[in-house]
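Contents: one structure, followed by commentary.
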Amino acid sequence: VFYRDRWSHDKVVRSTHGVNCTGSCSWKVYVKDGIITWETQATDYPSVGPDSPEYEPRGCPRGAAFSWYTYSPTRVRYPYVRSELLRLFREEKAKAPGNDPVEAWKAIVSDPQKAMRYKRARGKGGLVRASWEEAEELVAAAYVHTVKEFGPDRATGFSPIPAMSQVSFSSGARFHQLIGGSMLSFYDWYADLPPASPQVFGDQTDVPESGDWWDAAYLIMWGSNVPLTRTPDAHWMVEARYRGQKVISVAPDYAESVKFADEWLAPHPGTDAALAMAMGHTILREFYVEQQVPYFESYSKQYTDLPFLVQLDQREDGALVPGKFLVASEAGQHRTAEAATEHADFKPMMFDLATDQVVVPNGTLGHRYSADGEGRWNLELGDLDPALSLLGHHEDIAEVLLPRFDTAGQGGRGDVARGVPVREIDGRIVTTVFDLLLAEYGVGREGLPGQWATGLDDADALYTPAWQETITGVPGQAAARIAREFAQNAIDSGGRSMIIMGAGTNHWFHS
């Protein structure tokens, strides 16, 4: 009887698990007398057709056991306060005129010894249960005193991300907006992810949608343990292997993703960037310099910032360093009519091989927010033929100082000097992003001065596969081969090479 009643219920509620999970799986929650009795996966997702696996069933063991967390005896259901702080607050409130909680808080924080007492207790346990009324009074007193003493902008809040709890987020965010406080974003704690994604990819945390994994012919899981953290989506990666997809896992530990991988690269923790630089060096050397691949060139010209012109700034010591993009407002009306248009400061320029002139292509930020940009918020090149490199079209060669990324903890950033082809535009020395990229990666070309790698096996040169081996422990030949396979597959398949990037690579400084 007990077993049969285990599954009884009086209603079914559609829900998901608000734990900031990318899956957002649809679940049926079975309720009896207001108590969750069990849950099961929904199976009514719309079909995506016969060309790929379906999205359902979506779920994971953690979701299937979520009601256990809901009613767990270890779940925190009451406010807890550090005992040292609560003791101080009660003592000072008893002494304050009219038992004023604001005066009590002021007495604590304005006394260095008392303030240090509760601050030193942090991280040592000692949390004791308090009533809701007392906890709310303590928090409110701290806010009121802070606003009176320092101003509302010194009251800072940190709410859960909306995907975790919409009610908690909206209430906390709205409260701080109303009092004029400052909000910290949950995203601030994702380390390098918030600034890096838009700077590198142009989108905020925009990685391939999980259904796209099925379409990849070569897949690298890097810093993302897909079977564990993306359980409802992992089946696309698993099933795509039956189509011939090659899977690489980059992880310092034997993670769940390694089980499904054809090859495992295990860099030492915190050294992913060295491996990535070496793989980039290999691809740039073999597919952009030693040979020019039309598919890569046309893609880079249209969809990346590699052809854009960058100014070289002169430091006080006379050395040249990369500066800002050359924009229309700096080129002058005698070079481009865009110089007199709205938002000309946000219209970077390219060197057009077809006309031997600097030009503003479609799709710049200035076109997005200006009246004259109507019909130009796109990446169509039209008759333009942007120069990826100025080499062969240059007026001079300039040596530029570029930052080294292998000198952390050695008393300085460090620089490396390498030559790039340049032109002069109205007194400004410019080169392309692509030329700077080759120089940064240490991929040399004939006629350019500087310190260059002699080959992929040059362990003394920055960013070669042999160099990274001394840092990451990944064999240089393996790093070069996988980079080569990744690029060659993109050529053969029309771009179906993919990296699933996870937060594991963002939680180290220059990982």
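The values are calculated or read from the model by the stated rules, or taken from the named source; none is laboratory data. Just so we're clear, the structure is a prediction, and the values are computed from it rather than from any experiment. Using ideal geometry, Cβ is built from the backbone for each residue, glycine included, and neighbour counts are taken over all protein chains shown.
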Answer with yes or no whether Thr37 is out of contact with any Phe, Trp or Tyr (no Cβ under 8 Å at 6 or more places or on another chain) and among the hydroxyl-bearing types (Ser, Thr, Tyr). no
Residue within the stretch 130-139 that is at pLDDT below 95, more than 30 Å from Ser15 (Cα to Cα) and not in a helix (DSSP H, G or I) present: no
Limited to the stretch 460-503, what total is found for residues that are out of contact with any Pro (no Cβ under 9 Å at 6 or more places or on another chain) and assigned to a loop (DSSP other than H, G, I, E, B)? 9
Name the strands (runs of 3 or more DSSP E) wholly inside the stretch 378-454 in which the number of residues that are in contact with a helix residue (DSSP H, G or I) (Cβ under 7 Å, 6 or more places away or on another chain) and modelled with pLDDT of 95 or more is 3 or more. 415-425
Which of (1) touching an Asp or Glu at 6+ places or on another chain (Cβ under 8 Å); (2) at pLDDT 90 or above is the odd one out, the single condition Val12 does not satisfy? (1)
Of the conditions (1) within 16 Å of Pro232 (Cα to Cα); (2) surrounded by 11 or more Cβ atoms within 10 Å (Cβ to Cβ), Asp44 satisfies every one except a single condition; which number is it? (2)
In the stretch 241-252, residue nearest to Tyr45 (Cα to Cα) [restricted to those that are crowded, with 22+ Cβ neighbours inside 10 Å and among the small types (Gly, Ala, Ser)]: Ser249
For a quick check of your reading: which strands (runs of 3 or more DSSP E) sit entirely within the stretch 144-246 and have at least 3 residues that are farther than 30 Å from Ala104 by Cβ? 218-222
I'd like the full set of residues that are closer than 25 Å to Glu440 by Cβ and either among the hydroxyl-bearing types (Ser, Thr, Tyr) or surrounded by fewer than 15 Cβ atoms within 10 Å (Cβ to Cβ) (or both), limited to the stretch 324-364. Lys324, Thr364
Of the residues in the stretch 450-466, those that are more than 26 Å from the chain's Cα centre (by Cα) and not β-branched (Val, Ile, Thr) come to Gly450, Gln451, Trp452, Ala453, Gly455, Leu456, Asp457, Asp458, Ala459, Asp460, Ala461, Ala466
Tell me which of these Asp426 doesn't satisfy, since it passes every other one: (1) exposed (fewer than 15 other Cβ atoms within 10 Å of the Cβ); (2) under 26 Å from the mean Cα position of the chain (by Cα); (3) among the charged types (D, E, K, R); (4) closer than 24 Å to Ala319 by Cβ. (2)
Which pairs do you get when a residue that is closer than 17 Å to Thr431 by Cα, found in the stretch 351-366, comes within reach of a residue that is among the aromatic types (Phe, Trp, Tyr) and assigned to a strand (DSSP E or B), reach meaning Cβ atoms under 6 angstrom, with the pair 6+ apart or on two chains? Val358/Phe351
